[in-house]
1. For residues in the stretch 209-226 being at pLDDT below 75 and in a helix (DSSP H, G or I), which is least open to solvent (accessible area, probe 1.4 Å)?
2. Considering only residues that are open to solvent by 90 Å² or more (accessible area, probe 1.4 Å) and under 26 Å from Glu23 (Cα atoms), which ones fall in the stretch 148-173?
3. Considering only residues of the stretch 114-153 that are among the hydroxyl-bearing types (Ser, Thr, Tyr) and over 17 Å from Asp7 (Cα atoms), which is nearest to the chain's Cα centre (by Cα)?
4. Mind telling me which of the residues Leu229, Leu179, Leu206 ends up being part of a helix (DSSP H, G or I), modelled with pLDDT of 80 or more and farther than 30 Å from His57 by Cα?
5. Of all the residues that make up the stretch 116-158, how many are aliphatic (A, V, I, L, M), in contact (Cβ under 8 Å) with a residue 24 or more places away in the chain and part of a loop (DSSP other than H, G, I, E, B)?
6. Which condition number does Ala105 fail, the rest of (1) surrounded by fewer than 19 Cβ atoms within 10 Å (Cβ to Cβ); (2) more than 25 Å from the chain's Cα centre (by Cα); (3) of a type in the set (A, V, I, L, M, F, W, C); (4) within 30 Å of Met168 (Cβ to Cβ) being met?
7. Please name all residue pairs, on different chains or six or more residues apart, with Cβ atoms under 9 Å, provided the first residue is in the stretch 52-70 and is over 13 Å from Arg41 (Cβ atoms) and open to solvent by less than 50 Å² (accessible area, probe 1.4 Å) and the second residue is at pLDDT below 95 and aromatic (Phe, Trp, Tyr).
Amino acid sequence: MRQIFIDTETTGLEPKLGHRVIEIAAVEMLSRRFTGRRFHRYLNPERESEEGALQVHGLTTEFLQDKPKFRDIVHELLEFLEGAELIMHNAAFDVAFLDHEFGLAELQPLKEYCHSVTDTLKMAKELHPGKRNNLDVLCERYEVDNSRRTLHGALLDAELLAEVYLAMTRGQDSLLMELEAPSALEIAANLRDLQLTVLPASAEELEAHAQQLEMIERESKGKCMWKQLEITS
């Protein structure tokens, strides 16, 4: 299963009030390994950002005015996402904005193009009930380096989210290893079929062994275990 970690930046908090996506990033992972494939675009939202949102992401109207519109990149985005499990932090927020943008482009909702959507915020709340679980807190909790995160940015946040997700689900690796490990019966069956070659000690080796035991016997004042075993046998 392809997994794609997605983050967006927006002009505000509510798509129903006409707020738009201004940045989107998606990072691909396959079998819990980064593939190096990623999708990242800045977008012209055709409106101003709210002051609170601008303080979070720092993407000004001047910077965004020559960037493509969402409808110009949507088919390229869907080609990248199609059929994958999408992983987001506070997925309801990102999905609401993406569904709004798809609607403006006369397309179906996001769920029609992907395998499933996983919310890491929900996962974190189940793992750490009653605690703060924003991305910065999770980076600190799982020792993911977020020192570059001075402002919110979709690409960096998607990459950090992927690292946090790997840390949160690390136990799955152990489970997979246990499932793949041979059972004791399988090991025993393999040993029965194993043909061992026995090489007897030479006369010189036997003599050297006897001398070593005599030395141990003297040093331990008669407490050499191997000598005692020879007597009892």
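1. Met225
2. Arg148, Thr150
3. So in the stretch 114-153, the residues among the hydroxyl-bearing types (Ser, Thr, Tyr) come out as 116, 118, 120, 142, 147, 150.
Next, only the ones that are over 17 Å from Asp7 (Cα atoms) stay: 142, 147.
Working: Tyr142: 11, Ser147: 19 Å.
Top of the filtered list is Tyr142.
4. Within the list Leu229, Leu179, Leu206, the selection yields Leu206.
5. Of the residues in that region, 1 qualify.
6. Only one criterion in (1) surrounded by fewer than 19 Cβ atoms within 10 Å (Cβ to Cβ); (2) more than 25 Å from the chain's Cα centre (by Cα); (3) of a type in the set (A, V, I, L, M, F, W, C); (4) within 30 Å of Met168 (Cβ to Cβ) is unmet by Ala105, namely (4).
7. From the stretch 52-70, no pairs qualify.
So that you can scan it fast, the table gives a plain yes or no per residue for (1) at pLDDT 95 or above; (2) open to solvent by less than 10 Å² (accessible area, probe 1.4 Å); (3) over 23 Å from Gly103 (Cβ atoms); (4) out of contact with any helix residue (DSSP H, G or I) (no Cβ under 9 Å at 6 or more places or on another chain):
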| position | (1), (2), (3), (4) |
| --- | --- |
| Met1 | no, no, yes, yes |
| Ile4 | yes, yes, no, no |
| Pro15 | yes, no, no, no |
| Ile24 | yes, yes, no, no |
| Leu30 | yes, no, yes, yes |
| Arg41 | yes, no, no, no |
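The values are calculated or read from the model by the stated rules, or taken from the named source; none is laboratory data. The shown structure was predicted, so the numbers you read here are calculated from the model rather than taken from an experiment. Neighbour counts run over all protein chains shown; Cβ positions are idealised from the backbone, glycine included. We work out accessible area using only protein heavy atoms, side chains counted, and drop any ligands, DNA or RNA first. Shrake-Rupley method; radii C 1.70, N 1.55, O 1.52, S 1.80 Å.
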